Amino acid sequence: MSTSSAAATPRAPPGELLIPLHVAFVEALDKKRDSLAYHFTTHLRMNGVYWGLAALEILGRPEVLDRQALIDFVFSCWNDDTAGFGSFPGHDAHVHSTLSAIQILAMKDALDELDTRGVRDRLVQCKQLSTSAGTREAESLINRP
Amino acid sequence: MISGGAVLLGLQLPSGAIQGDKWGEIDTRFLYCAVSALAHLGALDQLDRDRTVRYILACHNPDGGFGTDPGAESHAAQGTLLSNLANLETAC
């Protein structure tokens, strides 16, 4: 069996940050909606959008993700029953996805949308939840990023 | 179940812990999320500062780290709690 030396030798790391490649990678993430992995990771979508946007901001290319589309996605994940943001439309609200939603809005200078849409007070109001611990075990398995 | 609860302050328990959602998992990472979110919203003054700080310190271990709960082993992710303490120090 012959192996080429090129295949066996690790390539030297690039000497500079390959910004166009990183931007293209992040940009492509939302275009894989026909893949099974896309649908198996909907519970992390809001977090993923935040991570992708944060990376693009650091890379100096925040305009790659459309501002209004980001805001529309965030509010499509609003869950009125639990007064918070879920990770995907129709999901229960969770404090982790809610933080990511607020961070996305903050990065896009759009926190005032919370007032416009009348949800800011509902987000922070102090109303104690009654809880069910039934799925605590399962949640601890699936909720880690 | 619940109706009309809120995902931030409404998730804080009498112990000071903050659960992730209505289903009840508790982890100091969720406390970080809630404090950070409230700071973004300018609403930290609505949080029970003493109860929250007391709970964070209860998760502090002799090795210098913080765990997910009181008595749980230290984990690097829980170092984010230090930024919570910094936030609460200046905001309240």
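The values are calculated or read from the model by the stated rules, or taken from the named source; none is laboratory data. These numbers come from a predicted model, not from an experiment. Neighbour counts run over all protein chains shown; Cβ positions are idealised from the backbone, glycine included.
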Out of A:Val95, A:Val74, A:Val64, which single residue is of a type in the set (A, V, I, L, M, F, W, C) and in contact with an Asp or Glu (Cβ under 6 Å, 6 or more places away or on another chain)?
A:Val64
For the condition touching a Lys or Arg at 6+ places or on another chain (Cβ under 7 Å) and without any contact (Cβ under 8 Å) to a residue 60 or more places away in the chain, what is the one hit in A:Asp92, A:Asp121?
A:Asp92
Taking the conditions exactly as written (under 19 Å from A:Ala101 (Cβ atoms) and either β-branched (Val, Ile, Thr) or at pLDDT 90 or above (or both)), does B:His60 satisfy them or not?
no
Among (1) loosely packed, with under 15 Cβ neighbours inside 10 Å; (2) within 14 Å of chain B (Cβ to nearest Cβ), A:Lys31 falls short only on (2)
Lone unmet requirement of (1) closer than 27 Å to A:Gly118 by Cα; (2) at pLDDT 90 or above; (3) in contact with a Gly (Cβ under 7 Å, 6 or more places away or on another chain) for B:Val7:
(2)
Filtering region A:95-111 down to residues that are within 13 Å of A:Val74 (Cα to Cα) and either out of contact with any helix residue (DSSP H, G or I) (no Cβ under 9 Å at 6 or more places or on another chain) or part of a loop (DSSP other than H, G, I, E, B) (or both) yields A:Lys108, A:Ala110, A:Leu111
Look at region B:53-90 and say how many of its residues are within 14 Å of B:Ala39 (Cβ to Cβ) and touching a Lys or Arg at 6+ places or on another chain (Cβ under 8 Å).
2
If we keep just the residues of region B:30-48 that are surrounded by fewer than 21 Cβ atoms within 10 Å (Cβ to Cβ) and within 24 Å of B:Ala76 (Cβ to Cβ), which is farthest from the chain's Cα centre (by Cα)?
B:His40
Identify the residue in region A:65-96 that is among the polar types (S, T, N, Q) and more than 14 Å from chain B (Cβ to nearest Cβ) and, among all such residues, is surrounded by the fewest Cβ atoms within 10 Å (Cβ to Cβ).
A:Gln68
Residue set B:Thr52, B:Thr28; condition touching a strand residue (DSSP E or B) at 6+ places or on another chain (Cβ under 7 Å) and farther than 21 Å from A:Leu105 by Cβ; output residue B:Thr28
